Amino acid sequence: MLMITSEKAITQTQQWIQDVIIGCNFCPFASKAVTQKKVYYHVESGNDMMLILENVLSECIRLDNDDSIETSFIIYTHSFTDFNEYLQLIDLAETLMKGQGYDGVYQLASFHPAYLFAGSNEEDAANYTNRSPYPMLHLLREESIEQAIARYENPDEIPNRNIAFAHAKGLAYMKMLRDSCL
């Protein structure tokens, strides 16, 4: 198995955030956190589920204790390559967070190299709005999301706008854009 260093995984993820998420305006709120250097990256190379879930909880605690961090990415370099297995991780992580009192405090967003929206097919360019270099979980502060949405006109239209953008650019372009970050 090819070893991926933490530094490389973080650099590729940062490039993806800059080129895809910010560059395509998939998240109109991302630029501020990146510009202000308020994003934390944790690389997880193991595959022990207990340790992985402990790391999710550790990231919640990190956010609790450090107001200078707006959002945190947990990047999985050697696990959860299967999208269905990754979906199970999301369920377990959300259950853990809820059980620890983090429901309504932090929101969990999901990104995966093989992301597939329910009801879509593998070749739908819209999947690339959530297709990342690595499987990852993204922890966001609910309070910050609410504040950003309150200042944004028609926030409910963001997903539809993203889908329309991806469809207009097409599958080849969206794949090339994401792959250029690797």
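The values are calculated or read from the model by the stated rules, or taken from the named source; none is laboratory data. Quick caveat, the model's predicted, so the values are computed rather than measured. Cβ sites come from the backbone with ideal geometry, for glycine too, and all protein chains shown count toward neighbours.
Among residues of the range 50-70 that are farther than 16 Å from residue 140 by Cβ, those with a Cβ under 6 angstrom from a residue that is surrounded by 15 or more Cβ atoms within 10 Å (Cβ to Cβ), sequence gap 6+ or separate chain, pair up as 53/96; 55/44.
All of 110, 120, 144, 132 fail the test of being touching a strand residue (DSSP E or B) at 6+ places or on another chain (Cβ under 7 Å), surrounded by fewer than 19 Cβ atoms within 10 Å (Cβ to Cβ) and either in a loop (DSSP other than H, G, I, E, B) or not acidic (Asp, Glu) (or both), apart from 110.
May I ask you to list the residues in the range 88-126 that are free of Cβ contacts under 8 Å to residues at least 12 places away in the same chain and within 22 Å of residue 166 (Cβ to Cβ)? Passing the criteria: 118, 119, 120, 121, 122. Would you be able to say whether some residue in the range 68-75 is at pLDDT 95 or above and out of contact with any strand residue (DSSP E or B) (no Cβ under 7 Å at 6 or more places or on another chain)? Among the residues of the range 68-75, at least one is at pLDDT 95 or above and out of contact with any strand residue (DSSP E or B) (no Cβ under 7 Å at 6 or more places or on another chain), which makes the answer yes.
Does at least one position in the range 127-143 carry a residue that is small (Gly, Ala, Ser), in contact (Cβ under 8 Å) with a residue 24 or more places away in the chain and under 16 Å from residue 21 (Cα atoms)? Checked the range 127-143: at least one residue is small (Gly, Ala, Ser), in contact (Cβ under 8 Å) with a residue 24 or more places away in the chain and under 16 Å from residue 21 (Cα atoms). The lone criterion from (1) surrounded by 13 or more Cβ atoms within 10 Å (Cβ to Cβ); (2) touching a residue at least 40 places away in the same chain (Cβ under 8 Å); (3) among the hydrophobic types (A, V, I, L, M, F, W, C) left unmet by residue 39 is number (2).
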